[in-house]
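The values are calculated or read from the model by the stated rules, or taken from the named source; none is laboratory data. Everything numeric here is computed off the predicted structure, so don't read it as measured data. Neighbour counts are summed over all protein chains in view; Cβ atoms, including those assigned to glycine, are modelled from backbone coordinates with ideal geometry. Areas reflect the complete protein model, heavy atoms only, side chains present, ligands, DNA and RNA absent. Shrake-Rupley method; radii C 1.70, N 1.55, O 1.52, S 1.80 Å.
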Amino acid sequence: MIESACLFGTYASQHSANRLLRATLEAAGYTVVECHAPLWERTRDKLPRFFGPLSLAQRSLDYVRALPRLLAKWRAVGREARLLVVGFNGQLDLWVARRLARGRIPVLFVPLVPVTETLVDDRQVYAAGSLGARFAQWLDRTTLGGADLVIADTEAHRAYMCETFGVEPSKTRTLYLGAESFFHATPPLRDGVARSVLFYGQYVSLHGASTIVDAARRLNGT
């Protein structure tokens, strides 16, 4: 019998991490149903002002407004699922998912990156030790700790979640994110042939654009 998994929440449905998550669940033999209410994809580029107090207050109100639609979809297609899955951008969804699961079915959380890593360590929207940073840490501790199983995309991320937020190692696994498209290597380049570098990502520290530029400069001998 093929079991169903419910991909649940206000996640950015077109983000590659969530598309890959769905593909992985299907490859594992699950029939995937989506209980989704659009929210986070409404703002494509989340600049620092997106995380300001007024903006976050508006996002909170938007989330409350989205909840009835989310719960209606759960009642319609999700409640028979044998696995409840919360993906990237799903920190707020995790709390709702726990209440819906009621210990009856496991809750799987695949966050990709913790909020603290994004807003404090990477983008430095909030200074370490600030009220915003402490709230982000609390959010990560409660959501990561509230899942039955947390999936990290690398071993380093898994260790970071356990050490920083107190997640039980036994409740974590590593599943490398993978890719949706693959590029085939070209033949070795001869001296004097121009080199091109493809960067696919956003200009945030985590995506390493400056490191790529530095590597390209070194390869070019400058």
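Some notes on this structure:
- Of the residues making up the range 18-45, just one is farther than 14 Å from Cys6 by Cα, modelled with pLDDT of 90 or more and either small (Gly, Ala, Ser) or surrounded by fewer than 17 Cβ atoms within 10 Å (Cβ to Cβ) (or both), namely Ala27.
- The residues in the range 46-78 that are at pLDDT below 90 and in contact with a Cys (Cβ under 6 Å, 6 or more places away or on another chain) can be counted, and the count is 1.
- Val125 being crowded, with 20+ Cβ neighbours inside 10 Å, among the β-branched types (Val, Ile, Thr) and farther than 17 Å from Ser4 by Cα: no
- Residues being surrounded by 16 or more Cβ atoms within 10 Å (Cβ to Cβ) and more than 23 Å from Leu100 (Cα to Cα) - total across the range 133-151: 3
Condition check ((1) touching a helix residue (DSSP H, G or I) at 6+ places or on another chain (Cβ under 6 Å); (2) open to solvent by less than 100 Å² (accessible area, probe 1.4 Å); (3) at pLDDT 85 or above; (4) closer than 30 Å to Asp148 by Cβ) across all residues:
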{"position": "Phe165", "(1), (2), (3), (4)": "yes, yes, yes, yes"}
{"position": "Lys171", "(1), (2), (3), (4)": "no, yes, yes, yes"}
{"position": "Arg190", "(1), (2), (3), (4)": "no, no, no, no"}
{"position": "Phe199", "(1), (2), (3), (4)": "yes, yes, no, no"}
{"position": "Leu206", "(1), (2), (3), (4)": "yes, yes, no, yes"}
{"position": "Ala216", "(1), (2), (3), (4)": "no, yes, no, no"}
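- Among the candidates Ala81, Ala97, the residue that is open to solvent by less than 40 Å² (accessible area, probe 1.4 Å), modelled with pLDDT of 90 or more and under 20 Å from the mean Cα position of the chain (by Cα) is uniquely Ala97.
- You will find that of Asp121, Asp148, the residue that is closer than 22 Å to Thr24 by Cα and among the charged types (D, E, K, R) is Asp148 and no other.
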